[in-house]
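Structure, as structure tokens:
The values are calculated or read from the model by the stated rules, or taken from the named source; none is laboratory data. As the structure is a prediction and not an experimental result, all values here were calculated from the model. Backbone-built Cβ (ideal geometry, glycine too); neighbour counts: all protein chains shown.
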């Protein structure tokens, strides 16, 4: 059984989010929670929220599942739209500021199913 949760238009760059997602990819849900709770990166809080949402989606599909038996299959951070703002600079020039956004996607699945797919 697989469950997916997405966070779209998160105000932060995808490059920084990938640093956190690389830490939890392939880990169990309980281990990923511990990593995210003690991570000092700013994006770890929204990633934890998406993880909790994916777990809730999985439990809604099948209430008999244990969260200890779930593993993170996919963890993606894709670029979202970039908001462009301009700041005045010297001699009448303008400097563009890019306010980046990203889309976070987490997919969790059963531990037994994930191990059978890898074999």
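Some values worked out for this structure:
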item: Failed item, numbered, when residue 3 is tested on (1) crowded, with 17+ Cβ neighbours inside 10 Å; (2) modelled with pLDDT of 95 or more; (3) in contact with a strand residue (DSSP E or B) (Cβ under 8 Å, 6 or more places away or on another chain); result: (2)
item: Tally of residues being over 21 Å from residue 109 (Cβ atoms), touching a residue at least 12 places away in the same chain (Cβ under 8 Å) and out of contact with any strand residue (DSSP E or B) (no Cβ under 9 Å at 6 or more places or on another chain) across region 20-55; result: 4
item: Residue that is nearest to residue 53 (Cα to Cα) [pool: residues in region 96-111 that are in contact (Cβ under 8 Å) with a residue 24 or more places away in the chain, more than 12 Å from the chain's Cα centre (by Cα) and in a strand (DSSP E or B)]; result: 109
item: Counted residues, region 38-58 - those being out of contact with any helix residue (DSSP H, G or I) (no Cβ under 9 Å at 6 or more places or on another chain) and assigned to a helix (DSSP H, G or I); result: 5
item: Answer residue from region 62-75, given it is within 18 Å of residue 105 (Cα to Cα) and surrounded by 15 or more Cβ atoms within 10 Å (Cβ to Cβ) and is farthest from the chain's Cα centre (by Cα) among those; result: 70
item: Search result, residues across region 1-29 that are touching a helix residue (DSSP H, G or I) at 6+ places or on another chain (Cβ under 6 Å) and under 13 Å from residue 72 (Cβ atoms); result: 3, 5, 20, 23, 24, 29
item: Test set (1) at pLDDT 95 or above; (2) more than 20 Å from residue 79 (Cβ to Cβ); (3) surrounded by fewer than 17 Cβ atoms within 10 Å (Cβ to Cβ) - residue 42 fails condition number; result: (2)
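Residues checked against (1) under 17 Å from residue 103 (Cβ atoms); (2) in a helix (DSSP H, G or I); (3) under 11 Å from the mean Cα position of the chain (by Cα):
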site: 6; (1), (2), (3): yes, no, yes
site: 21; (1), (2), (3): yes, yes, yes
site: 36; (1), (2), (3): no, yes, yes
site: 60; (1), (2), (3): no, yes, no
site: 77; (1), (2), (3): yes, no, yes
site: 86; (1), (2), (3): no, no, no
